[in-house]
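Let me begin by presenting the structure, written as structure tokens, before commenting on it.
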Amino acid sequence: MAAKNLPMRDALRRALMEEMERDENVFVMGQEVGVWQGTHRVTQGFLEKFGERRVRDTPISEMAIAGAAVGAAMAGLRPVAEMMTINFAFLALDAMINHAAKIHYMFNGQFKVPAVFRAASGWGNQATATHSHTPEVIWAHFPGMYVATPATAGDAYGMLKTAIRNDNPILFSESIGLYPRPGQVPDDPDYMLPIGKADVKREGKHVTLVTYARGLEWCTAAAKELEKDGVQCEIVDMRWLRPLDTATVFESFKKTNRAVIVEESLPFYSFGSEIAAQIQEHCFDYMDAPVKRVSALDVPVPYSHDLELMCFPNAQKVVEAVKSIL
Amino acid sequence: MALDKATLLDWYRQMVLIREFEEACQHLYNEKRITGVYLHLASGHEAIYVGAVAAMRVGTDHIITAYRDHGIALALGMDAGRVMAEMMGKRDGVSGGKGGSMHLASAEHNFYGGYAIVGGHLPLATGLALACKYRGNDQFVISMIGDGATNNGYFHEALNMSGVDKLPNIWIIENNGYGMGTSVEKAAGNPILHERARGYGIEDYGRVDGQDVIAMYDAVSRAAKHAVEHGPVLIEAMTYRYRGHGVSDKQYDTRLKAELEEWKATKDPIEILKRHIAKEHGDVSAELDAIHQAQLKIVEESIQFADASPLPNTLEELFAHVYVD
């Protein structure tokens, strides 16, 4: 398939623009999506192309942005609500969790909520404690929501299209650090990646690295480093935190018998906790070592640069974790 | 406002149906045939629902509300038996037994539901109206708002966005004087709630007598035209609830006995309508009595229907509709 090398930001922009061209019911709403052209430039050029009706600048009203997206979706539109950053989405948790995720069930299937909530997630550039979250698991906790966490430009392209065409509410998390990262993006306006399907990004036989979003970078760098010592890592990129493709994790683990889980987020009640629990429940007879986790440190993120860096995983931490269980 | 006799008698029918249905719900709850901790009765608020629904094109225009939702369901013409079955958590309930008293809805009637997080449905109403404007149609959205909900953030954000985008929303505050047990005066810096409209660029229709179905119908009819042509309207409907906040509010009758008795004696919405009908159309007591008896029969049959419906009890039912397949 023909493809272009694009940064993830441009891949997302292309996916969103193509979906709006394809379906009149798709529209974007959120803070600074129009005149400002998106704080992360994903909606650059949209206002000029689609106009104010379909590119809706909103007040700084997270509860109303998310809640109005739910209402518009119940009425049959397909809103893509931009929460600017996932830190602000905390303000909209009730609208997303108590309403978006419950309405189809609570009214016995009478209404659908095909809304996508886009949010930039992550840390860096000394954004400090309230602007350095990667809390996607909070949404993934609740039945009724799907959660997308793409790690590459091509995946972001195919997953956003899938999310927009899906009839369920979806948190679509975009890792801030990955926006400028280039990747191969297929020239196919109907390129769709299936909901809840993980992707083995690298094959190996000695240890399974389970990760998502920005963790893929650290895992890839660590795998290259470990290869020098003859250690072959298999990398499972989950792509979606819900539905969670545990089958692909188990299949890989049964081959390697060892796992390190790499997550950008906090360690308590986390992605890593869930994967580790599931591996021991379902693959106990295949375990040759304890499952290790590389997570953010359990502390608010401070301003000062060196302290900030200490909080987060990196390739070296992944290498050390792998070596500790070989 | 000149209204024909048939219309007034139909409104009387709906208000009596709601009153008797709610009395039956209270009775069934006392007998533990309706269970759970939440049951918010609409007795006393009937004129608001019947007047507002009469101003809509049911199935074309849209309506959404909070947890005191039985009255709207019945005013819309939803089947009383299926509504009662939902109260009992039965398979034939309007929400399959998954919603209960607070989560009635009917897609067929464009009734997007009762919601149980105070204020949570308000931005949904904004979004529903956004969809009307997006499609360029002539439809509007009625959203009920409990007086208590005017003090949380949802109210502010939802009404402001509605005002900014000039959406076809009709916002109706049901001011019954109390958010749970706290009076409006103790909860609102300015207890004249409709005056908030100005802060959002919303048309202020002031206070409307929520016990007078004709006044409600008149206000909402005018609001409908305004909402579609110019943008949102806020109405503060003054009313009173005859039962507690919910069934768990056991001291209600004693706490506010004098006030409650005065409202019942002087401002009962059904009595007000009966007086109006008598004034306009003479003695129709025989017709009113026949209507009343017919509603009692409908309520009785709704209970029989609900009793006969099975309780959902399979894993398949439990997990159905978590996601759209």
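The values are calculated or read from the model by the stated rules, or taken from the named source; none is laboratory data. Everything quoted here is computed from the prediction, not taken from an experiment. So basically every Cβ, Gly included, is an ideal-geometry build from the backbone, and we count neighbours across all protein chains shown. SASA here: full protein model, heavy atoms, side chains in, ligands and nucleic acids out. Shrake-Rupley method; radii C 1.70, N 1.55, O 1.52, S 1.80 Å.
Points to keep in mind about this one:
- The residue that is nearest to B:E300 (Cα to Cα), among those in segment B:27-59 that are among the hydroxyl-bearing types (S, T, Y), in contact (Cβ under 8 Å) with a residue 60 or more places away in the chain and outside any helix (DSSP H, G or I), is B:S43.
- A:E234 over 15 Å from A:K201 (Cβ atoms), charged (D, E, K, R) and not assigned by TED's automatic domain parsing to the domain that holds A:V137: no
- Of all residues making up segment B:107-121, the number that are more than 7 Å from chain A (Cβ to nearest Cβ) and either farther than 11 Å from A:M106 by Cβ or surrounded by fewer than 24 Cβ atoms within 10 Å (Cβ to Cβ) (or both): 8
- In segment A:291-314, the residue that is farthest from the chain's Cα centre (by Cα) out of those that are among the aliphatic types (A, V, I, L, M), crowded, with 19+ Cβ neighbours inside 10 Å and within 22 Å of A:T220 (Cβ to Cβ) is A:V291.
- Within segment A:116-144, considering residues that are over 13 Å from the mean Cα position of the chain (by Cα) and under 13 Å from A:I97 (Cβ atoms), the one most open to solvent (accessible area, probe 1.4 Å): A:H141
- When every residue of segment B:199-206 is checked against the conditions, none turns out to be among the hydroxyl-bearing types (S, T, Y) and surrounded by fewer than 18 Cβ atoms within 10 Å (Cβ to Cβ).
- The number of residues in segment B:52-97 that are open to solvent by less than 10 Å² (accessible area, probe 1.4 Å) and charged (D, E, K, R) comes to 3.
- Scanning segment B:30-50 for residues that are open to solvent by 10 Å² or more (accessible area, probe 1.4 Å) and among the polar types (S, T, N, Q) turns up B:N30, B:T35.
- Scope segment A:68-91; condition touching a strand residue (DSSP E or B) at 6+ places or on another chain (Cβ under 8 Å) and at the interface with chain B (Cβ under 9 Å from one of its Cβ atoms); matching residues: A:A68, A:A69, A:G71, A:A72, A:A73, A:M74, A:A75, A:L77, A:P79
- Put simply, of B:K257, B:K264 the only residue that is of a type in the set (K, R), closer than 29 Å to B:T7 by Cα and out of contact with any Phe, Trp or Tyr (no Cβ under 6 Å at 6 or more places or on another chain) is B:K264.
- Every pair of residues 6+ apart whose Cβ atoms lie under 9 Å, when the first sits in segment B:183-196 and is under 11 Å from B:T150 (Cα atoms) and touching a residue at least 24 places away in the same chain (Cβ under 8 Å) while the second is open to solvent by 30 Å² or more (accessible area, probe 1.4 Å) and in a loop (DSSP other than H, G, I, E, B): B:V184/B:P191; B:R196/B:N190
Condition check ((1) closer than 21 Å to B:L130 by Cα; (2) assigned to a strand (DSSP E or B); (3) not polar (S, T, N, Q)) across all residues:
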{"site": "B:I172", "(1), (2), (3)": "yes, yes, yes"}
{"site": "B:Q211", "(1), (2), (3)": "no, no, no"}
{"site": "B:Y217", "(1), (2), (3)": "no, no, yes"}
{"site": "B:L234", "(1), (2), (3)": "yes, yes, yes"}
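- Of everything listed in (1) part of a loop (DSSP other than H, G, I, E, B); (2) modelled with pLDDT of 90 or more, the single unmet condition for B:L288 is (1).
- The listed residue being closer than 19 Å to A:R242 by Cα, among the aliphatic types (A, V, I, L, M) and surrounded by fewer than 23 Cβ atoms within 10 Å (Cβ to Cβ), out of A:L171, A:L209, A:L193: A:L193
- Residue list for segment A:6-59, restricted to those being touching a strand residue (DSSP E or B) at 6+ places or on another chain (Cβ under 7 Å), of a type in the set (A, V, I, L, M), touching a residue at least 24 places away in the same chain (Cβ under 8 Å) and part of a loop (DSSP other than H, G, I, E, B): A:V33
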